[in-house]
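The values are calculated or read from the model by the stated rules, or taken from the named source; none is laboratory data. All values derive from a computational prediction rather than experimental measurement. Ideal geometry is used to build each Cβ from the backbone, glycine not excepted, and the neighbour counts take in all protein chains shown.
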Amino acid sequence: MASGSDVIERPVVAETPSAAPARRWLVPLLLVVGWVLSVAWRMWWSRHIVLPIAHTDEDSYLNTARALAGGPGGFSSENELLRRVGYPMLISPAFLGDRDFTDSYRIVQLINAMVNSTLLPLAYLFGRSLFRLRRSYALLGAVAAATLPATAFYAGVAMIDAVMAPLVVAWLLAVHRWIARPGLLAAATVGLLVGGFHLLHSRGLVIVVVHAGLVLLLFVRRRINPPAVLAALLPVLAMALVNEAAIRHLGGKVYLLGSTPGGSTFEAVASAQGMVRVSAAVTTQLWYLVVITFGLAGVAWAGAVRELWRPRHGDAGRWTMGVALVATVGVAGGASVILSGITGKPLDAIYGRYVQMLAPFWLLVGLGMLCTAGWRLVLRRVSVAVALLVGGGALIAVRLAYVASQGHALRYGGFSAPDLVALTGGLREMRPVVGSLIGIAGCVLLVAAARVPRLRLPILGALIVVNLVTMQVIDQRIVQPTAATTAPTPRVADVGVRPGERVWASTGVHYVLRFNLSHQVTWTDVRWFGVKQPPARAQVVFARWAPGQADDWDGTAYGFVRLGGNPEQHWAAWRRI
């Protein structure tokens, strides 16, 4: 007989097959309508973003996408080792034909919104497959995952993170299906999704390693045969070849400015201080996941670890949880190691961008475990989440205080944790104590939902509302101010720059304005020159306009006439006479 602490309430399972036929098409219809509404909400939310605001990642992807579509290239902040072209391939149709950059950018946002919104049906399938949740719980849980700011935010900008969260859920859903019903098609599907990770971003290397380990372990334990091994691995190789073929196709149209990780990365982690720094970064990222999921990630981790030894959701659930745990630690650790080796960059208090793709998955797992476990079991898991919040918050607060005592300051990584900024009100500084308190408050609600099942749907609804409000705060406090200050006015076309002219930009123009001015020149690659004389072949140049300042650029000395610009933004367009 089970002990009192392990008493489990009857799982909330799917309705019987005798459900009325009229209800069987209701859920697919709701998912389709929900997907359309999700796309529309993302497009509405991104209405203020008409030019890139997340530099230089957006600029790199957009320049590469334009080159893939047959247009001019440009620079990329990537490096040879970690270069990936999957996302530029996805958005390249936006640059087909002759249209203004703002129109192409809107199409990119639409592509993002459509792919990003697939998280809704995928999350629903996940809840039904792994935890056999009731339709109402699975639907609301899917909406909560799809509206999570860590995912939805990136639909509005040209960044690869717009597609990563749906891919994570699809991959782990496929892993669960493969373990539950082994077959060549299931193995190939998992391999294709893992290959997609590799094609999209360098963090996909972690997923590839995890996948290779999974395949090897399954083979050693005689759960799959050699044909299944090939079916699981060949798609990964194929995607790697696609990436290399696309890079060769681009040739020199896109020139790389990023530095390849090397000795500096090793040196950054080879010392005791380096290891402490990396450990602190990993801890911060994991703490961040628990905060932005209101404790559900912590609940999920506690349940997933227990699942490895005492599975409650089947053998396939145990394997899926194990793969997810290894991938989470691997992505957090890999990102911390790589970022620690980047020289000339200020230290970050947090760079949560790489682990954000895992947030919806762990939120779903936490919800599933909340709805299928007994009261005492949920209480234990919530206790683990609270301990992670308290311990993580304390460590981060100590780290921030120590760095401040040394006369330095840790900053937010660029666009890496907008949801944490909005939730804690920490626009200028990181507030770990406030973040931990928010997560603990979420844990209290989870305990209430576990104790009183009829509160589960209202609490899920409240979580969705919090997500929507958080997105609104991000829009008002981060997006709109950033968009207003990074958009050059007037437009390039309004000052008289004509299609076909050879355009160069001075490095004296602030890099954000320089990039956004260059994007509006759709017919040529805008190269850079120093702060003085432009190259002889330049017909139009963008240069610094700072009346009365020593670095004000006088184009008349080089045979140029000023077309216009904005002295407050310190830029002007000049044409050669």
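Does residue 318 count as in contact with a Ser or Thr (Cβ under 9 Å, 6 or more places away or on another chain), of a type in the set (D, E, K, R) and surrounded by fewer than 24 Cβ atoms within 10 Å (Cβ to Cβ)? When the stated conditions are applied, residue 318 does not pass them. State whether one or more residues within the range 140-148 are touching a helix residue (DSSP H, G or I) at 6+ places or on another chain (Cβ under 6 Å) and among the hydroxyl-bearing types (Ser, Thr, Tyr). So far as the range 140-148 goes, yes, one or more of its residues are touching a helix residue (DSSP H, G or I) at 6+ places or on another chain (Cβ under 6 Å) and among the hydroxyl-bearing types (Ser, Thr, Tyr). Scanning the range 257-275 turns up no residue that is part of a helix (DSSP H, G or I), more than 26 Å from residue 194 (Cα to Cα) and touching a Lys or Arg at 6+ places or on another chain (Cβ under 6 Å). For residue 203, the requirement of being within 17 Å of residue 316 (Cβ to Cβ) and at pLDDT below 95 is not met. Just to be sure before I move on: is residue 79 under 30 Å from residue 314 (Cα atoms) and either in contact (Cβ under 8 Å) with a residue 24 or more places away in the chain or buried (at least 20 other Cβ atoms within 10 Å of the Cβ) (or both) in the structure I sent? Spelling it out, it is not the case that residue 79 is under 30 Å from residue 314 (Cα atoms) and either in contact (Cβ under 8 Å) with a residue 24 or more places away in the chain or buried (at least 20 other Cβ atoms within 10 Å of the Cβ) (or both). Counting only residues that are in a strand (DSSP E or B), within 39 Å of the chain's Cα centre (by Cα) and without any contact (Cβ under 8 Å) to a residue 60 or more places away in the chain, the range 539-571 holds 4 of them. Name the residues in the range 182-232 that are in contact with a Gly (Cβ under 6 Å, 6 or more places away or on another chain) and over 22 Å from residue 357 (Cα atoms), would you? Residue satisfying the conditions is 232 alone. When restricted to residues that are more than 29 Å from the chain's Cα centre (by Cα) and part of a helix (DSSP H, G or I), the range 503-521 contains 0. Of note, residue 312 satisfies the criterion of being part of a loop (DSSP other than H, G, I, E, B), at pLDDT 80 or above and basic (Lys, Arg). Taken as a whole, the structure places residue 151 among residues that are closer than 24 Å to residue 195 by Cα, among the β-branched types (Val, Ile, Thr) and within 16 Å of the chain's Cα centre (by Cα). Is it the case that residue 144 is over 20 Å from residue 317 (Cα atoms) and either in contact with a strand residue (DSSP E or B) (Cβ under 6 Å, 6 or more places away or on another chain) or not in a helix (DSSP H, G or I) (or both)? It is false that residue 144 is over 20 Å from residue 317 (Cα atoms) and either in contact with a strand residue (DSSP E or B) (Cβ under 6 Å, 6 or more places away or on another chain) or not in a helix (DSSP H, G or I) (or both).
Considering only residues that are outside any loop (DSSP other than H, G, I, E, B), in contact (Cβ under 8 Å) with a residue 12 or more places away in the chain and either over 18 Å from residue 359 (Cα atoms) or of a type in the set (Phe, Trp, Tyr) (or both), which ones fall in the range 401-423?
Keep residues of the range 401-423 that are outside any loop (DSSP other than H, G, I, E, B), which gives 401-405, 411-412, 418-423.
From what is left, the residues that are in contact (Cβ under 8 Å) with a residue 12 or more places away in the chain are 403, 411-412, 418-423.
Once the filter is applied, which keeps residues that are outside any loop (DSSP other than H, G, I, E, B), in contact (Cβ under 8 Å) with a residue 12 or more places away in the chain and either over 18 Å from residue 359 (Cα atoms) or of a type in the set (Phe, Trp, Tyr) (or both), the range 401-423 yields 403, 411, 412.
Any chance the range 86-109 includes a residue that's on the phi > 0 side of the Ramachandran plot and in the same structural domain as residue 239 (by TED's automatic domain parsing)? Explain how you work it out, then say what you get.
Restricting attention to the range 86-109, the residues satisfying the condition of being on the phi > 0 side of the Ramachandran plot are 97.
Filter once more, so that each one left must be in the same structural domain as residue 239 (by TED's automatic domain parsing): 97.
Checking the range 86-109: at least one residue is on the phi > 0 side of the Ramachandran plot and in the same structural domain as residue 239 (by TED's automatic domain parsing).
I'm checking my understanding of the structure. Among residues of the range 436-455 that are modelled with pLDDT of 95 or more and crowded, with 22+ Cβ neighbours inside 10 Å, which one is farthest from residue 472 (Cα to Cα)? Per the stated criteria, the residue is 436. When residue 429 is evaluated against the numbered criteria (1) acidic (Asp, Glu); (2) part of a helix (DSSP H, G or I); (3) in contact with a strand residue (DSSP E or B) (Cβ under 9 Å, 6 or more places away or on another chain), which criterion, by number, is the only one it fails? Only one criterion is unmet by residue 429, namely (2).
I'd like to check something: does the range 86-107 contain any residue that is among the basic types (Lys, Arg) and under 30 Å from residue 236 (Cβ atoms)?
The initial filter retains those residues of the range 86-107 that are among the basic types (Lys, Arg), namely 99, 106.
Adding the requirement that they be under 30 Å from residue 236 (Cβ atoms) leaves none.
The answer is no, given that none of the residues of the range 86-107 is among the basic types (Lys, Arg) and under 30 Å from residue 236 (Cβ atoms).
Residues in the range 59-102 that are of a type in the set (A, V, I, L, M) and in a helix (DSSP H, G or I): 62, 65, 67, 68, 89, 90, 91, 94. Going by the conditions given, is residue 247 in contact (Cβ under 8 Å) with a residue 60 or more places away in the chain, in the same structural domain as residue 368 (by TED's automatic domain parsing) and surrounded by fewer than 21 Cβ atoms within 10 Å (Cβ to Cβ)? For residue 247, the condition - in contact (Cβ under 8 Å) with a residue 60 or more places away in the chain, in the same structural domain as residue 368 (by TED's automatic domain parsing) and surrounded by fewer than 21 Cβ atoms within 10 Å (Cβ to Cβ) - is met. Scanning the range 457-502 for residues that are basic (Lys, Arg), surrounded by 14 or more Cβ atoms within 10 Å (Cβ to Cβ) and assigned to a loop (DSSP other than H, G, I, E, B) yields a total of 2.
Do we find that residue 148 is buried (at least 24 other Cβ atoms within 10 Å of the Cβ) and modelled with pLDDT under 95 in this structure? Judged against the criteria, residue 148 is not a match. Every test in (1) within 24 Å of residue 471 (Cβ to Cβ); (2) touching a residue at least 60 places away in the same chain (Cβ under 8 Å); (3) not hydrophobic (A, V, I, L, M, F, W, C) is passed by residue 374 save one, and that test is (1). Applying the set (1) surrounded by 22 or more Cβ atoms within 10 Å (Cβ to Cβ); (2) without any contact (Cβ under 8 Å) to a residue 60 or more places away in the chain to residue 398 leaves exactly one unmet item: (1).
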